[in-house]
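Have a look at the structure below before the remarks.
The values are calculated or read from the model by the stated rules, or taken from the named source; none is laboratory data. Here the structure is a predicted model, which is why all the values come from computation and not from measurement. Note that we place each Cβ from the backbone using ideal geometry, even for glycine, and neighbour counts take in every protein chain shown. Accessible surface areas use protein heavy atoms only, side chains included; no ligands, DNA or RNA. Shrake-Rupley method; radii C 1.70, N 1.55, O 1.52, S 1.80 Å.
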Amino acid sequence: AEGLALIKQKIPDLVLLDLMLPSMDGLEICRQLKANPLTQDIPIIMVTAKGEESDVVLGLGIGADDYIPKPFSPKELIARVKAVIRRGERTKQSSEKDVIEINYPELGCLKVDSSKHLVLLNKENIKLTASEFRLLSCLASQPGRVFSREQLLNHTLGDNVVVIDRNIDVHIRSIRKKLGDEKPFIETIRGIGYRFLDG
């Protein structure tokens, strides 16, 4: 509770968040931070002994930028922190000029506006987490190009950081669900990665 109050008083560059806490679990703290306009853009790295895929899916799904299961080395933790902060800096530098709009004859119009952190599908607002938004922006910026999982990890989760591939798969599944599973905006290229449908 004290840490949550301090976060709101002095906005930090990043939050390291354990899931197993005494009075309130880390997932609830993450939800509160992401629901508050004042704190929703703070990067969050979850650090926890819970390493099952269901825990990873839940943590990333509510807005965590990265998820580090224990045990891990201090060097890996430092590398992840630096990567997440670098990613945020790159996003700020490019946000003012990044507006992607693609018209599909059968699927409609998709607009990704980085300056407003806004995704519109046929003028309907699609709510994505920060990591999902970066991933969608990366794919949609070059329709038809095949991105490997490693490339997507580097673009959205930081350069040269060891991150499990399923992080990307979890995000892709979530984005597909939010855009509508029946609409094949993101195509899986077996054995390689993903590409965004060319309009």
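If you go through the stretch 18-46 and keep only what is modelled with pLDDT of 85 or more and under 19 Å from Arg86 (Cα atoms), you end up with Thr39, Ile42, Pro43, Ile44, Ile45, Met46. Selection over the stretch 119-131 of residues that are within 15 Å of the chain's Cα centre (by Cα) and at pLDDT 90 or above gives a count of 4.
Scanning the stretch 1-31 for residues that are in a helix (DSSP H, G or I) and touching a Ser or Thr at 6+ places or on another chain (Cβ under 8 Å) yields Ile7, Lys8, Gly26.
When restricted to residues that are part of a helix (DSSP H, G or I) and at pLDDT below 80, the stretch 79-117 contains 10.
Looking at the stretch 171-192, can you tell me whether even one residue there is open to solvent by 70 Å² or more (accessible area, probe 1.4 Å), assigned to a helix (DSSP H, G or I) and at pLDDT below 75? No, that holds for no residue. What are the residues in the stretch 13-24 that are touching a residue at least 24 places away in the same chain (Cβ under 8 Å) and surrounded by 12 or more Cβ atoms within 10 Å (Cβ to Cβ), if any? Leu14, Val15, Leu16, Leu17, Asp18, Leu19 - these are the residues of the stretch 13-24 that are touching a residue at least 24 places away in the same chain (Cβ under 8 Å) and surrounded by 12 or more Cβ atoms within 10 Å (Cβ to Cβ).
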